[in-house]
Amino acid sequence: MSLIFRMIYLLLASFFKPRLPIVNPENSLVLRVLPNDLDINLHMNNGRYLTICDLSRVDMFIRTGLAKTMYKEGWIPVVSEHTMKYKKPLNPFQKYEVTMQITGWNEKSFHMIHTFLVNGKVVAEGTSLGCVLSKSGVIPPEKVMQTVTERLEAKNAGR
């Protein structure tokens, strides 16, 4: 159940954080390992890392303006590929930071890196490909970024 509380907290907090650029953004979340994040070995479950990566993406969507653009355009984000490398476990109540950055894109997908850190040291790292879909198919990343930029410029010009 705490995942819903994390999501609600993230949704509220993201609106008060600084805006991020739509091109090559990088964000960071500081979290703790909660009891429901644990597996039978009493460290963070490997599936929970993927959920935390999702939260990080939502934070980025909001802070870049992509979330609002996707809502208005009827687009949805989809992760098409994700891999994780686990180097050290995250233990109960341990504080950690997860960073995410979009490192590039091709004609269909954004390329992302998710890094989990404890005291500045990498404990896990993931890479993912994600795309934005409309009813007519994949929206090229260049078009996504252009649409977000145009919406933000129109909003700022209206001030």
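The values are calculated or read from the model by the stated rules, or taken from the named source; none is laboratory data. Given the structure is predicted, the values throughout are model-derived calculations rather than measurements. We place every Cβ from the backbone using ideal geometry, glycine too, and count neighbours over all the protein chains shown. For the accessible areas, the whole protein counts, side chains as well, though only heavy atoms, and no ligand, DNA or RNA atoms are used. Shrake-Rupley method; radii C 1.70, N 1.55, O 1.52, S 1.80 Å.
State in Å² the accessible area per residue of the chain; use a 1.4 Å probe, count heavy atoms of protein chains only, and round to the nearest integer.
Values: 9280 Å² over 159 residues.
Dividing the accessible area of the chain by its residue count gives 58 Å².
For segment 81-159 versus segment 1-42, the spacing of their alpha-carbon centroids is 13 Å. Taking Phe61, Phe16, Phe110 in turn, the Gaussian network model of the chain (Cα-Cα springs below 10 Å) assigns the largest fluctuation to Phe16. Leaving out ligands, DNA and RNA, what percent of the accessible area of the chain is carbon and sulfur, probe 1.4 Å? Summing carbon and sulfur atoms, their accessible area is 59 percent of the total for the chain. Farthest towards the positive end of the charge dipole of segment 42-150, among the residues Val98, Met44, Thr127, is the Cα of Met44, using unit charges on the Cβ of Lys, Arg, Asp and Glu.
Can you list the GluC sites (Glu not before Pro) in segment 89-159 that are in a DSSP coil and have 15 or fewer other beta carbons within 10 angstrom?
Working: sites: Glu97, Glu107, Glu125, Glu142, Glu150, Glu153; in loops: Glu107.
Those satisfying the criteria are Glu107.
For segment 73-145, with only Lys/Arg (+1) and Asp/Glu (-1) charged at the beta-carbon, what is the dipole magnitude about the Cα centre, in debye rounded to 20?
Values: 8 positive and 6 negative charges, 64 e Å.
For this selection, approximately 300 debye.
When the listed pairs Lys72/Lys155; Lys17/Lys108; Lys88/Lys108; Lys17/Lys85 are checked against a 23 Å cut-off, the alpha-carbon distance exceeds it for Lys17/Lys108; Lys88/Lys108; Lys17/Lys85.
What value, in deg cm²/dmol to 500, does the helix sum -39500 (n - 2.57) over DSSP H runs of n ≥ 4 give at 222 nm once divided by the residues of the chain?
On the way: 4 runs with 57 residues, N = 159.
Only helices count here, giving -11500 deg cm²/dmol.
Calculated translational diffusion coefficient of segment 85-159 (10 °C, 1.306 mPa s; Stokes-Einstein with Kirkwood radius over alpha-carbon pairs) equals 106 µm²/s. What you get for the chain, charging only the Cβ of Lys and Arg (+1) and of Asp and Glu (-1), is a dipole of about 360 debye around the Cα centre.
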